Protein chains: 2
Amino acid sequence: MSTAAAGPAVGDPGARPVVASTPGERTVVTGRQREECPVTAVLRRVGDKWSPAVLRLLGERPHGYNELDRAIEGISRRVLTRTLRALEAEGYVRRAALGAPPARVEYSLTDQGASLRELLFVLGQWAIAHRPGPVLEAETTSD
Amino acid sequence: MSTAAAGPAVGDPGARPVVASTPGERTVVTGRQREECPVTAVLRRVGDKWSPAVLRLLGERPHGYNELDRAIEGISRRVLTRTLRALEAEGYVRRAALGAPPARVEYSLTDQGASLRELLFVLGQWAIAHRPGPVLEAETTSD
DNA sequence: CAGCATCCATTGCGATACTG
DNA sequence: CAGTATCGCAATGGATGCTG
């Protein structure tokens, strides 16, 4: 996978083969391509400030609303709600209302959400290997 | 890789093993963890509006500044500059000034940038497989 | 050609009071 | 417990004129 690939590319929509690379031909990224690009869509969805934390916690086990609120240091309820709704709309998170007042709601990952979390895990492996200058080796498990 | 993993998790910093999962123990994502998490860092860097397009074009071949400006429909020079500077600061993009006026500058991917592009390609595979409801099959190469 | 400076619009995020 | 309503601040993005 070290050469420029055929098939879908970053900035490209769906299953369309890459348009360009005719010698002398200039590739242009149109607004439509950008908006429809699935890569960009996912990145912008989980690239916000709190989604990774939510996905991480729900990946461990289901959580209630206030439970999430307490588990994520610094988040406001307003934003937590927005984040959950957004993840739910994308099909990554499931919301289940249990029982009458005192209303209990449980948030959990869908299969897609779990799959996404695995993907982010891979991304994490890459980030640790490529991001900082050299790899930190003095890292211990102590506090 | 279908079970919750040991090793770095989304929301976790560096190479530290996951802290929690003691039964009954509540995992808390602290502000520090969030800020230092390499996954979040990468996501927020390339999860902006234009970075994917830039990476895609530079992945094909090096580009000049105005060349990028023309190739990316809808971007403003202000934002293009900011995006390039940000990618450069992270070590994904290299800026090379060539010759005297009329100043020519060439932007290209570093090794890290190329690696990142491959990663985004993988992300694209995943997105196409998991994102839309059913897979669009009526997709043709026609305009 | 490759930007920077300025100004404005939109969006994201944070704090907090209140409600079923 | 699980949110919504309101407000204000900060960051992002957009348009464009000017410069070496």
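The values are calculated or read from the model by the stated rules, or taken from the named source; none is laboratory data. Please read all numbers here as calculations on a predicted model, not as lab measurements. Glycine gets a Cβ as well: all are built from the backbone with ideal geometry, and neighbour counts include every protein chain shown.
Filtered by the rule that a residue be in contact (Cβ under 8 Å) with a residue 24 or more places away in the chain, of a type in the set (S, T, N, Q) and assigned to a helix (DSSP H, G or I), the stretch A:81-114 gives a lone residue, A:83.
In this structure, is residue A:86 small (Gly, Ala, Ser), more than 10 Å from chain B (Cβ to nearest Cβ) and exposed (fewer than 15 other Cβ atoms within 10 Å of the Cβ)? For residue A:86, the condition - small (Gly, Ala, Ser), more than 10 Å from chain B (Cβ to nearest Cβ) and exposed (fewer than 15 other Cβ atoms within 10 Å of the Cβ) - is not met.
Of all residues in the stretch B:103-114, which are under 15 Å from residue B:66 (Cβ atoms) and at pLDDT 95 or above? Give the steps one after another, and end with the answer.
Looking only at the stretch B:103-114, we keep the residues that are under 15 Å from residue B:66 (Cβ atoms), and these are B:103-107.
Across the stretch B:103-114, the qualifying residues are B:105, B:106, B:107.
The set of residues from the stretch B:61-75 being more than 8 Å from chain A (Cβ to nearest Cβ), within 11 Å of DNA strand D (Cβ to nearest atom) and not charged (D, E, K, R) comprises B:65, B:66, B:75. The condition (being more than 7 Å from every other protein chain (Cβ to nearest Cβ), at pLDDT below 90 and surrounded by fewer than 13 Cβ atoms within 10 Å (Cβ to Cβ)) is satisfied by just one residue among B:129, B:96, B:100: B:100.
The one condition from (1) modelled with pLDDT under 95; (2) within 16 Å of DNA strand D (Cβ to nearest atom); (3) not polar (S, T, N, Q) that residue B:50 does not meet is (1). Residues of the stretch B:26-60 that are more than 8 Å from chain A (Cβ to nearest Cβ) and acidic (Asp, Glu): B:35, B:36. When you check residue B:78 against the structure, is it within 7 Å of DNA strand C (Cβ to nearest atom) and surrounded by fewer than 13 Cβ atoms within 10 Å (Cβ to Cβ), yes or no? Judged against the criteria, residue B:78 is a match.
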